[in-house]
Every structure is written in structure tokens, then in C-alpha cells.
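Following: one structure in C-alpha cells, then a few remarks.
The values are calculated or read from the model by the stated rules, or taken from the named source; none is laboratory data. Quick caveat, the model's predicted, so the values are computed rather than measured. Neighbour counts are summed over all protein chains in view; Cβ atoms, including those assigned to glycine, are modelled from backbone coordinates with ideal geometry. Please note that ligands, DNA and RNA were not included when accessible areas were found on the heavy atoms of the full protein model with its side chains. Shrake-Rupley method; radii C 1.70, N 1.55, O 1.52, S 1.80 Å.
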Amino acid sequence: MSHLTIGHANAQNIQASSEVQSLESVHQLVLEYLKQKADQSILDPEFKIRELSDRLQLQACQTPLQIEDRQKSKTIGRMTIGVSCDHPKWRVYVPAEILGKLPLIYSNHAILKGERISREDFRVELVPHNKIPHGAVTQERSLIGMRSKRAISANQIIKVQYLIPPYMVFKNQSVNIITKIGSIEVKSRGISLKSAVEGEQVDVQNQQSKKIIKGIVIAPNTVLIP
């Protein structure tokens, strides 16, 4: 749960002249929080707040109002934001919704199975968040360098299930071999006998001994011999 105090001075001015908490101060607090929550992650954001009933009578809060958000990582869609007071003790929940646009990624042309994806292979279009298909890629940074798990047609929405991680070592390319003997770390050079991703086991030929050994890819061009 996150706690955030916003607009204390404004809220105090609204409260000062009455023993009843202004619901407008509660609504304004929620609105300001939603704006902060959507900042830089949602494009063309819109905010909807279901106002509390005028029949609700809350004692004027003598301490700064606090925001309670149990879904802090959720930056778009429907949500419920809590507003609480420590003195006197009370808490209300305000239904709200953040609307806006997210980037949706389309292929510029056909992409072959196993092909490494570069920035020239796709384009980004902004669409309303509720039009984003399940599993669609919305972060172009996470796409560059990935490989296609299957053939992707031109002008197709790119989804996570179409992708596999980028290779960190490449077949017939030189790699660093790290061998640990107790607390001692020995480094040598070798040739990877296949392309592999991080965490994958790969056969490597030691350049000096020509012996083929099995290792685990731990970083770009780096293989650890357990």
C-alpha cells in the first residue's frame, strides 16, 4: 500500500471554515494523485472520478489527508483510491478511471522465423488503451534485439508470444570461458558451437586444448563452466 499526501494547504483552506470535511477536497486530492500516477506513462490521459454522495458527512480532518492505493503499479483503467484521515479517524473509497492511449507496435514488413528484430522492422501507433489486444507489445525498447519465434506478416500487431530472447552467444563465434575452481576464477577463450540465449546450455570448444565442454551462457559472449 502506498501513502501520499497532496495539496495539504488547499485542503486545509477548504476545511478551515467548517466542521464538515469538504468532499471537493477529497475529489481534488484523488484527481491530483491520478495525474501523478499517469504522468509520462499514458498519452492523452483523461481522468474520471465518481463523486461521493452529498449525503456523506465526514468530520473535518485535522491532519493532512492521505491517499491509499493498493494497485500502485496499475496506471490505466478502473481503480479504487482510498482517502483517509488520522484525526479524526475515517476512510472513504473513491472509484476512478484513467483513460488514455498506449503505443501499439505493428510490423512494417514480413519478418522471418528466427530473424533478429531491429527498429526498422516495426512502427508504433497510438491507440486507446482498451483497444490494445491481450499480449500485445507496447514497449519498443523491449522489442529491439528480440527474435521472432514464428513468421510475422506485414502490418501485423506484434505480440509477446511471437518473440524469443536475443542470442547472447553465436554459433562459430569467439566467447569468453569462465571456469571456477573453488574461489579461483580461470578465464580462457573458446568457440561456441551453437547460438544460445542467456541461461541456456551450450557446447564450447576451448581454443587451446580443442576440448569440447558444456557451459551456461551468463552474459553476452560469456559462458560459465559450472
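When I144 is tested against (1) open to solvent by less than 40 Å² (accessible area, probe 1.4 Å); (2) β-branched (V, I, T); (3) over 22 Å from L224 (Cβ atoms), just one condition goes unmet, and that condition is (1).
For the stretch 171-194, the set of residues classified as of a type in the set (A, V, I, L, M, F, W, C) and open to solvent by 80 Å² or more (accessible area, probe 1.4 Å) consists of I181, I184, listed by residue number.
Residues in the stretch 104-132 that are open to solvent by 10 Å² or more (accessible area, probe 1.4 Å) and either of a type in the set (G, A, S) or closer than 30 Å to L29 by Cβ (or both): A110, G114, S118, L126, P128, H129, N130, I132.
Pairs meeting the criteria (first residue in the stretch 56-72 and under 15 Å from H27 (Cα atoms), second residue acidic (D, E), beta carbons under 8 Å, at least 6 apart or on different chains) are A60/E19; C61/D86; Q66/D86.
Of the set (1) free of Cβ contacts under 8 Å to residues at least 12 places away in the same chain; (2) farther than 30 Å from I111 by Cα; (3) within 35 Å of the chain's Cα centre (by Cα), all apply to I184 but (3). May I ask you to list the residues in the stretch 134-155 that are under 23 Å from the mean Cα position of the chain (by Cα) and either at pLDDT 95 or above or part of a strand (DSSP E or B) (or both)? Hits for the stretch 134-155 are A136, R147, S148. Selection of the stretch 195-226 for residues being open to solvent by 80 Å² or more (accessible area, probe 1.4 Å) and under 21 Å from R116 (Cβ atoms) yields E198, P220. Among residues of the stretch 45-55 being open to solvent by less than 100 Å² (accessible area, probe 1.4 Å) and assigned to a strand (DSSP E or B), the one that is nearest to G82 (Cα to Cα) is I49.
Looking across the stretch 147-163, the residues that are of a type in the set (A, V, I, L, M, F, W, C) and either touching a residue at least 60 places away in the same chain (Cβ under 8 Å) or loosely packed, with under 14 Cβ neighbours inside 10 Å (or both) come down to A151, A154.
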